[in-house]
Amino acid sequence: MLSSRVLIKLLLSFGLACVCLSSSAQTLLRVNQTEHPLDAYSVGALRIALEYMEGDYSLKVTDDPITQTRAIERLETDQMDVMWLASNREVEQHLQPIRFPLLKGLLGYRIFIINPNRQARFNQINNFDDLAQMTFGQGAGWPDIDILKSNGLTVITASKYDNLFYMVEGGRFDAFPRGGLRHCPRNSLSCSCCV
């Protein structure tokens with residue numbers, strides 16, 4: 001059985017919010033779960049952690065289809081208590097990060113989702129200069145935008161996650177770098193992740 005100290009770290013690691021723990025009254029933790037499988041996994045892990053916590057906790061789960069930027073706003077304005085997000089310095093100036101490898105580092109690796117019709121162009125990439133000729137799609141407010149741009153890469157953003165798949169299919173950009181446990185909402189042959 002895990003110690004209380006380890007379990008508290010596990011519970012708090014699910015987001016950038018500072019959760020005040022109280023053993024004398026019920027503590028309500030507000031989270032949001034979109035249709036993304038990572039959210040279901042994270043909420044499930046949070047439920048398990050709460051089972052081992054000392055005290056009385058309940059979880060209120062909303063299902064709003066919000067972006068990462070909106071989730072950060074909700075944390076900042078005390079509309080939400082816990083969320084699993086990628087972080088950057090700007091976010092950490094306003095919110096408390098709890099570093100815990102929920103995905104054991106898998107989110108730190110990137111795979112390109114591309115239009116299969118552009119595979120030959122990607123086959124010709126031999127160095128970073130070749131890669132820098134490509135354009136990359138990202139969701140508005142994602143920390144990867146700054147990383148890609150600081151390395152001289154061209155980034156095109158979209159406010160809705162699902163739109164990025166249509167955009168790569170339509171040639172609006174060359175590649176959609178994705179971390180672990182991402183999915184194509186269409187389950188079609190329109191992007192290389194579905195082939």
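Centroid-to-centroid, using Cα positions, the stretch 46-108 and the stretch 122-182 are 25 Å apart. Neighbour counting of Cβ atoms within 10 Å sorts the residues T77, T67, fewest neighbours leading, into T77, T67. Placing a pseudo-label 7 Å from each Cα along the Cα-to-Cβ vector at R172 and D64 gives an inter-label distance of 2.3 nm.
Given R0 = 30 Å, the distance between the Cβ atoms of A45 and I156 translates into a calculated FRET efficiency of 0.35.
Laboratory data are not the source of any read-out in this text; all were calculated from the coordinates shown. Keep in mind the model is a prediction, meaning the values are calculated, not measured. So basically every Cβ, Gly included, is an ideal-geometry build from the backbone, and we count neighbours across all protein chains shown.
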